[in-house]
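Visitor: Please see the structure below; I have some questions.
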Amino acid sequence: MGFFDGLWPARAAQFDAGNGTSSAITLSKRNATVSLSKQGALSGNLRVNLSWRMRTSDIEGRSRQSGRLRRPLKLFQPEVVQAHTQGVVNVDLDLGCMYELADGTKGVVQPLGNLIGDLNSPPYIRLSGDDRFGAPSGETVYVNLDQRDQFKRLLFFVYIYDRTPAFDRTHAKITLYPGNGPRIEIELDERAPQARSCAVFTVENVKGELIVRREVKFVYGFQSELDRLYGYGMQWGRGYKSRT
């Protein structure tokens, strides 16, 4: 432990989170599924993290890249994130989870409506918080795999809360951290400039085996459209976040 770690103990704690393995499984169109059961992830909490960062528009990116090749020192200067109109792009991505339990109970865990869930009682899913600015920690949902027999199916999705449909200007990624085995990564890398929501992946209980399936299906509506697509059959109303 270094001298400064003794002064600020929280510095050391940040390295204790997450999976200890360095390998990762990347789910793609070609390799779209993985079994949590076969990975040995049958207990503890499954941590599902959404992270994103803004990127410059394609036009701005090309001009900056060519300029930096001519002026190498520019490589060490941070980029200003801008839209095609030269205005700053503000995107608030939210992570949510629709669930259906073995007893037929259906619901959603999401920032809207402060539906944060519960980890130790139904639905055994909990949202850790709401990141509105694309912080490195992102947003995280925890799933209690000790109660895996209570789950029938889960749908993890991402939606843009504000009115700026800009999935194509974010580097968004979902990472699953099981209690055991390698982490699982899903990139939201397909171009869908007008989409407002994305069904990212499902978890299904198939005869006691938990199967993760990559979806990455973009839609132009919000949760109700994702619901219709996957047949949850819930009632939806307009929701808002509290001002900060």
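Visitor: Sort 112-123, 199-210 by the packing proxy (mean of other Cβ within 10 Å over each peptide's residues), most packed first. Intermediate values should be presented prior to the final figure.
Guide: Numbers: 112-123: 14.8, 199-210: 17.1.
Ranked by mean Cβ neighbours within 10 Å, highest first: 199-210, 112-123.
Visitor: What FRET efficiency, computed as 1/(1 + (r/R0)^6) with R0 = 25 Å and r the Cβ-Cβ distance, is obtained for Ala102 and Gln235, rounded to the nearest 0.05?
Guide: Details: r = 22 Å, r/R0 = 0.87.
E(calc), rounded to 0.05, equals 0.70.
Visitor: Taking each pair of distinct Cα atoms in region 148-202 once, what is the resulting Kirkwood hydrodynamic radius in Å?
Guide: Value: 13.0 Å, from the Cα pair sum.
Visitor: Measure off 7 Å from each Cα along the Cα-to-Cβ vector at His171 and Ser28, then give the distance between these two points in nanometres to one decimal.
Guide: Roughly 1.9 nm, to one decimal.
Visitor: Still on this model: Can you compute the FRET efficiency between Asp146 and Arg213 using 1/(1 + (r/R0)^6), with r the Cβ-Cβ distance and R0 = 30 Å? Round to the nearest 0.05. All intermediate terms of the calculation are to be shown ahead of the outcome.
Guide: Details: r = 22 Å, r/R0 = 0.74.
Step by step, r from the Cβ atoms, then E = 0.85.
Bear in mind that the values in this text are calculations on the coordinates, not laboratory data. Bear in mind that the values here come from a model prediction, so they are computed numbers and not experimental data. Glycine also receives a Cβ, built like all others from the backbone with ideal geometry; neighbour counts cover every protein chain displayed.
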